Amino acid sequence: MFSAVQVSADNEMGQILDLQRQNLRGVNNPSKEKEQGFLTVTHSLETLQQMHRIEPSIIVKAGALLAGYALVMPRECRNIVPELLPLFAGLDELFYKNKPLADYRFYVMGQICVASAYRGAGVFNLLYAQHKALLAGKYDLVITEVATRNLRSMRAHERVGFKILHTHRDALDEWAVIVWDWSK
């Protein structure tokens, strides 16, 4: 029923942007956001195209429909999405297992989202399984940042294998920087 693949066409990036718009913080009512999660950063088609030229992201399709996506942002993407510059700058200061993060081969999970019709159907796990299958030979770690009040996302990432590395607060929220170690 589902197929997990790397993004290969602009129409797939358009589907990502449509799903993103449907799940941005403030689009849905607060109780739905608390229960279902939310996204905080928007992208343009040009931004996604730049990112995908560096490393294609992963999507899960249900036939022709987009069931979910997970954006790959290697360090080379740090200047492409200005909203994420503070995240990348913060990562420059962090250590993992007594080594600077810069000593590891890592990428940032730029954003992950599952369409509401497919939540609870294993799409989230399939996205991350495909990430690991395609990218574990190239990277040691996957790092992302999740608003700590986004409990659905925090639980889902923990279930996959992410561990909290660091927490911090900015003007918007409290954030957990989490890491999935593939070097084991």
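In the condition set (1) in a helix (DSSP H, G or I); (2) crowded, with 17+ Cβ neighbours inside 10 Å; (3) small (Gly, Ala, Ser), Gly68 is compliant with all but (1). Scanning region 147-162 for residues that are at pLDDT 90 or above, in contact with a strand residue (DSSP E or B) (Cβ under 6 Å, 6 or more places away or on another chain) and under 19 Å from Leu71 (Cα atoms) yields Met154, His157, Gly161, Phe162. Exactly one of these conditions fails for Leu84: (1) modelled with pLDDT under 95; (2) over 19 Å from Gln6 (Cβ atoms); (3) over 14 Å from the mean Cα position of the chain (by Cα). Give me its number. Of everything listed in (1) modelled with pLDDT under 95; (2) over 19 Å from Gln6 (Cβ atoms); (3) over 14 Å from the mean Cα position of the chain (by Cα), Leu84 misses just condition (3). Just wondering, is there one or more residues in region 140-155 that are touching a helix residue (DSSP H, G or I) at 6+ places or on another chain (Cβ under 6 Å), outside any helix (DSSP H, G or I), aliphatic (A, V, I, L, M) and surrounded by fewer than 18 Cβ atoms within 10 Å (Cβ to Cβ)? No. Applying the criterion of being outside any strand (DSSP E or B) and under 17 Å from Phe162 (Cβ atoms) to the residues of region 84-104, the residue that is most open to solvent (accessible area, probe 1.4 Å) is Lys97.
No other residue among Tyr96, Tyr104 is modelled with pLDDT of 90 or more and either of a type in the set (D, E, K, R) or under 25 Å from His52 (Cβ atoms) (or both) apart from Tyr104.
Within region 125-139, the set of residues being crowded, with 18+ Cβ neighbours inside 10 Å and either free of Cβ contacts under 8 Å to residues at least 40 places away in the same chain or part of a helix (DSSP H, G or I) (or both) comprises Leu126, Leu127, Tyr128, Gln130, His131, Leu135.
For region 26-49, the count of residues that are assigned to a strand (DSSP E or B), open to solvent by less than 30 Å² (accessible area, probe 1.4 Å) and modelled with pLDDT of 90 or more is zero.
With the requirement that a residue be crowded, with 18+ Cβ neighbours inside 10 Å and in a strand (DSSP E or B), what does region 72-83 give you? Residues satisfying the conditions are Val72, Met73.
The values are calculated or read from the model by the stated rules, or taken from the named source; none is laboratory data. Model, not experiment: these values are computed from the prediction. Don't worry about glycine lacking a Cβ; one is built from the backbone with ideal geometry, like all the others, and counts go over all protein chains shown. Heads up: the accessible areas ignore ligands, DNA and RNA and are worked out on the full protein's heavy atoms, side chains in. Shrake-Rupley method; radii C 1.70, N 1.55, O 1.52, S 1.80 Å.
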